[in-house]
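Enquirer: Please see the structure below; I have some questions.
Every number in this text was worked out from the coordinates using simple rules, so none of it is lab data. Computed from a predicted structure; not experimentally measured. FYI the Cβ positions are ideal-geometry reconstructions off the backbone, even for glycines, and counts take in every protein chain you see.
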Amino acid sequence: MTFDLGPAAATTAGVVAGIRDEQLDAPTPCAGTSVAGLLAHLAGLAYAFRMAAAKTPVEGAASADPAHLPADWRTRIPAELDALAAAWRDPAAWEGTTAAGGVEMPGDVTAVVALDEVVVHGWDLAVATGQPYAVDPALADACREFAESFGDDRPPSLYGPVVPVPAGAPALDRLLGATGRDPGWKPPV
């Protein structure tokens, strides 16, 4: 299965554009991670998965340390997301194996992981900053199927415990539950 990361990347870039400076210290659904930390992580992962598409993996994992948030994050992150989507439009990106975050995977699996990161963290940032968020249900389903593929052997560094969500819930809510997020999460008052 191939897909275009462009729409999800553009949606998440729109969320990034809507984040105000005073929201950078706000909490996100990722326990212990602020908006600034999640933005730093998003910048790093967009770059890492773009390089993975080019079969030029980078060392290490994307940091969620707010101190690593680039000063030009408002322009850099949308540009990285756009470049990420463009890189995965090359059919060669989907072939063979590559690596991201120190994990070697088939190209098509790496694309799904990249999509999952963009979609889920886009939602994390949107809900943390009070912005609307929507994703194509087919893309959300592809990410959910990946998350569910681990069964009970879920890597704790990747996802939290499954949050039960009704089977008839929207595709995005089912994805969020599969990744350990409560679709009804709200920032503390």
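Enquirer: Averaged across orientations, what area in nm² does the convex hull of the alpha carbons in the stretch 67-157 project? Mind showing how you got there, number by number?
Expert: Working: hull surface 30.1 nm².
Average of the hull's projected areas for the stretch 67-157 equals 7.5 nm².
Enquirer: Using alpha carbon coordinates only, what is the Rg to Rh ratio of the stretch 127-189, with Rh defined as the Kirkwood radius?
Expert: Reported Rg/Rh, Kirkwood definition of Rh: 0.97.
Enquirer: When the convex hull of the Cα atoms of the stretch 27-101 is projected onto a plane and the area is averaged over all directions, what value comes out in nm²?
Expert: Values: hull surface 21.0 nm².
Mean shadow area of the hull around the Cα atoms is 5.3 nm².
Enquirer: Let me ask something else about it. What number does the stretch 20-171 give for Rg over Rh if you use C-alpha atoms and the Kirkwood radius? Intermediate values should be presented prior to the final figure.
Expert: On the way: Rg = 15.3 Å, Rh = 16.2 Å.
Rg divided by Rh gives 0.95.
Enquirer: While we're here: Give the relative contact order (percent, whole number) for the stretch 49-189; include only Cα pairs under 8 Å separated by 6+ residues. Walk me through the numbers before you get to the answer.
Expert: Values: 150 pairs, mean separation 27.2, N = 141.
In percent, rounded to a whole number, it is 19.
Enquirer: Hey, any idea what Rg/Rh is for the stretch 1-67, computing Rh the Kirkwood way over Cα pairs? Let's see the in-between values first.
Expert: Numbers: Rg = 13.4 Å, Rh = 13.2 Å.
Expressed as Rg/Rh, it is 1.02.
Enquirer: Order of 74-81, 60-67 by packing, highest average Cβ count within 10 Å first? Can you show the working numbers first?
Expert: Numbers: 74-81: 19.0, 60-67: 15.1.
Peptide ranking by packing, descending: 74-81, 60-67.
Enquirer: Okay, helix-only estimate at 222 nm for the chain: each DSSP H run of n ≥ 4 adds -39500 (n - 2.57), divide by all residues, round to 500 deg cm²/dmol; what do you get?
Expert: Values: 6 runs with 88 residues, N = 189.
Rounded to the nearest 500, the figure is -15000 deg cm²/dmol.
Enquirer: Then there is this: Most fluctuating residue of HIS68, HIS121, HIS41 in a GNM of the chain with Cα springs under 10 Å: which is it?
Expert: Among HIS68, HIS121, HIS41, the largest mean-square fluctuation in the Gaussian network model of the chain belongs to HIS68.
Enquirer: Take each complete run of DSSP H in the chain, measure how far its Cα atoms stretch along the helix's own axis, and keep only those covering 15 Å or more with mean Kyte-Doolittle hydropathy at least -0.5; list them. Write down the numbers at each step before the final one.
Expert: Working: long enough: 6-17 (16 Å, 1.13); 35-53 (27 Å, 1.42); 73-87 (20 Å, 0.13); 107-128 (31 Å, 1.12); 137-148 (16 Å, -0.03).
Result, helices passing both filters: 6-17, 35-53, 73-87, 107-128, 137-148.
Enquirer: Now for a different question. With a cut-off of 8 Å between alpha carbons and a minimum separation of six or more residues, what is the relative contact order of the stretch 76-128 in percent? Please list the in-between numbers first.
Expert: Working: 26 pairs, mean separation 10.8, N = 53.
Normalised by residue count, the contact order of the stretch 76-128 is 20 percent.
Enquirer: Now, a different point. What percentages, rounded to whole numbers, describe P(r) for the stretch 87-130 computed over all alpha carbon pairs with 10 Å bin width beginning at zero?
Expert: P(r) over the stretch 87-130, rounded to whole percents: 27, 42, 22, 9.
Enquirer: While we're looking at this one, here's another question. Each label point is 7 Å from the Cα along the Cα-to-Cβ direction; what then is the distance between the points at GLU95 and ARG74, in nm?
Expert: Simple spin-label model gives 4.2 nm for this pair.
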